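I have placed the structure first, in the form of structure tokens, so that the comments after it can refer back to it.
The values are calculated or read from the model by the stated rules, or taken from the named source; none is laboratory data. Quantities reported herein were computed from a predicted structural model and do not represent experimental measurements. Please note: Cβ atoms are built from the backbone with ideal geometry, for glycine as well, and neighbour counts cover all protein chains shown.
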Amino acid sequence: MILRTKTLVLCLTVLVALCCNACGVYSFTGTSISPDIKTISIQTIENTAGEGPSNLSQVVTNSFKNYYQRNTNLTVLQRDGDLQLEGQIITFTLTPNAVQRDGNIDQATLNRLTMGIQIRFTNAKDPEQDFDQQFTITEEFPPTVDITSIPPAAIDRMTERLVADVFNKSVANW
């Protein structure tokens, strides 16, 4: 009985592997990258918003490079990749989100950080996949946090979510 079960499991595993392999462009990360796409170039994502930590541009750019390297087999180049990604940070603002009246004074009970990036994606092999789009993410903070004291871990979380959105649009076709 145990041998029969193991044989059945092995056969199903081989069948699933063959089906996935037959598709050619499917991967377990959900990407749908054509087999002729081998490289990606990711330019420095400049901070044109003028706000945020001094290393925000570097954090965002490195997050893009790391995410694509972790989730694809693409080689990251300085320029002229089969896929090309460039853009800028266009929004980094902290605004009152939840306001509560205390007597005659309105006070924020939550602040919302909005981080937005404008991304231009070029697929040199298939120009129909190109896009130029804004991606925005928000996170809420206590009113005691101001724009100069946002924890680096929070910025990393927000950046990771933005990068995932761009990744899904660019190579996962979501």
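So that you can scan it fast, the table gives a plain yes or no per residue for (1) at pLDDT below 65; (2) among the aromatic types (Phe, Trp, Tyr); (3) over 27 Å from residue 137 (Cβ atoms):
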position: 21; (1), (2), (3): yes, no, yes
position: 26; (1), (2), (3): yes, yes, yes
position: 70; (1), (2), (3): no, no, no
position: 105; (1), (2), (3): no, no, yes
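Residue 172 fulfils the conditions (1) within 29 Å of residue 33 (Cβ to Cβ); (2) not in a loop (DSSP other than H, G, I, E, B) except for a single criterion, (2). Residues that are of a type in the set (Asp, Glu) and at pLDDT below 95 within the stretch 131-155 comprise 139, 140, 146, listed in sequence order.
Taking every residue in the stretch 130-152 that is under 22 Å from residue 82 (Cα atoms) and pairing it with any residue that is surrounded by 15 or more Cβ atoms within 10 Å (Cβ to Cβ) and hydroxyl-bearing (Ser, Thr, Tyr), at least 6 positions away or on another chain, the pairs with Cβ-Cβ distances below 7 Å are 130/122.
Taking the numbered list (1) modelled with pLDDT of 60 or more; (2) outside any loop (DSSP other than H, G, I, E, B); (3) over 15 Å from the mean Cα position of the chain (by Cα) in turn, residue 7 passes all entries but (1). Could you check the stretch 107-124 and list, in sequence order, the residues that are surrounded by fewer than 15 Cβ atoms within 10 Å (Cβ to Cβ) and modelled with pLDDT of 95 or more? The answer is 120, and nothing else. Across the stretch 139-153, the qualifying residues are those that are touching a strand residue (DSSP E or B) at 6+ places or on another chain (Cβ under 8 Å) and exposed (fewer than 15 other Cβ atoms within 10 Å of the Cβ), and the one among them that is nearest to residue 52 (Cα to Cα) is 146.
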